[in-house]
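Novice: Quick one: structure below, then a few questions.
The values are calculated or read from the model by the stated rules, or taken from the named source; none is laboratory data. What you see is a predicted model, and the numbers here were worked out from it, not measured in a lab. Reconstructed Cβ throughout: ideal geometry from the backbone, glycine too, with neighbour counts over all protein chains shown.
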Amino acid sequence: MSGVRQTEHTGSAASAGSAASAGELWLGRRVFGPEQRLVMAIVNRTPDSFYRPGLTWELAAAMERVHEVVAEGADILDIGGVPAKPPDDVDVREEIRRTVPFIAAVRDAYPDLIISADTWRHEVGREACAAGADLLNDTWGGWDPQLAEVAASCGAALVCSHAGGVPPRTRPFRVAFSDVVQDVLDVTLALAARAVSAGVARERIIIDPAHDFGKNTWHSLEITRRLGELVSTGWPVLVSLSNKDFVGETLDLPVDERLAGTLAATAVSAWLGARVFRAHQVRETRQVLDTVSAIQGDILPARVVRGLA
């Protein structure tokens, strides 16, 4: 994990306010400072993901992918069992079957890796935390309010996202906002406040504008351009940009040709202060983030010999 400082946290939720004011993010037993940019690698336990469907559906392939992304510099592993797209139903029992045993297997293989469960359901969240998840990535805007209560009771971190108020797995249709960024702020800050009220420690809360979720391409581009407004709230910001439709529509490219556009949006978001980057291509994302960090003076170059010898 190039250029990233990590420390063990031994405090309790009672000290959350001071930690949050210092800009620290606590995930599992690790503490990350405001200058640190984290890569969240994606491992989907689904046969029908929008990007490279079925790549990690088989258990052996999924575990091999875990080994690969850890070697490439992933800080967080995000494990999901339900694709964002409709229509095939995946009920609670099936989502648990797809994800929870795998989370347990990853935890056994990597005791210190930060594991995220991509779910909006509190039943799944509870089982995931029991199996070893440190973070609940709720991409559907607090649709199940009990998920925050699960995060609180399990001591897990929580992602508070903006999904436009639509039910999970709903495609956007003629969506409109008078000010999309203000709507994102209103929703995510309200969800963060609700999570704090439920008992989630402040330093374990992340906000996510959720590019493309309940939005069109214009909305996602504007959110990226004005990301600094989210960062200025003081909450750590997660962005999920990887191969998204707003990148594809901007460049008129299919899903498997969007890496350059994704990395451009990643660099802009990093420069504007985003902290967590959910990505399919881990090595390339890590390199972009380390370059931005070096330009901003947050880390040193890995090697400097030019003009010195």
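Novice: Based on what the data block shows, is residue 188 of a type in the set (S, T, N, Q) and crowded, with 22+ Cβ neighbours inside 10 Å?
Specialist: yes
Novice: Right, another one. Can you confirm whether the range 42-56 contains a residue that is assigned to a helix (DSSP H, G or I), under 26 Å from residue 292 (Cβ atoms) and touching a residue at least 12 places away in the same chain (Cβ under 8 Å)?
Specialist: Within the range 42-56, not a single residue is assigned to a helix (DSSP H, G or I), under 26 Å from residue 292 (Cβ atoms) and touching a residue at least 12 places away in the same chain (Cβ under 8 Å).
Novice: Name the residue that is surrounded by the fewest Cβ atoms within 10 Å (Cβ to Cβ), counting only residues in the range 62-120 that are of a type in the set (Gly, Ala, Ser), touching a strand residue (DSSP E or B) at 6+ places or on another chain (Cβ under 7 Å) and outside any loop (DSSP other than H, G, I, E, B).
Specialist: For the range 62-120, the residue satisfying everything is 62.
Novice: Could you go through the range 209-225 and let me know if any residue there is over 20 Å from residue 173 (Cβ atoms) and not in a helix (DSSP H, G or I).
Specialist: For the range 209-225, residues over 20 Å from residue 173 (Cβ atoms) and not in a helix (DSSP H, G or I): absent.
Novice: Could you tell me which numbered condition residue 133 fails, if it satisfies all but one of (1) under 19 Å from the mean Cα position of the chain (by Cα); (2) without any contact (Cβ under 8 Å) to a residue 24 or more places away in the chain; (3) assigned to a loop (DSSP other than H, G, I, E, B)?
Specialist: So residue 133 meets the others, but not (2).
Novice: Continuing with this model, one more query. Only one residue in 270, 294, 302 is in a helix (DSSP H, G or I) and more than 26 Å from residue 257 (Cα to Cα), so which one is that?
Specialist: 294
Novice: Identify, please: which residue in the range 31-55 is surrounded by 18 or more Cβ atoms within 10 Å (Cβ to Cβ) and more than 16 Å from residue 243 (Cα to Cα) and is, among those, modelled with the lowest pLDDT?
Specialist: 46
Novice: Okay, moving on. If you go through the range 164-184, how many residues are farther than 11 Å from residue 141 by Cβ and in contact with a strand residue (DSSP E or B) (Cβ under 9 Å, 6 or more places away or on another chain)?
Specialist: Of the residues in that region, 0 qualify.
Novice: Among (1) within 18 Å of residue 83 (Cβ to Cβ); (2) crowded, with 19+ Cβ neighbours inside 10 Å, there is one condition residue 132 misses while meeting the rest; what is its number?
Specialist: Only one criterion is unmet by residue 132, namely (1).
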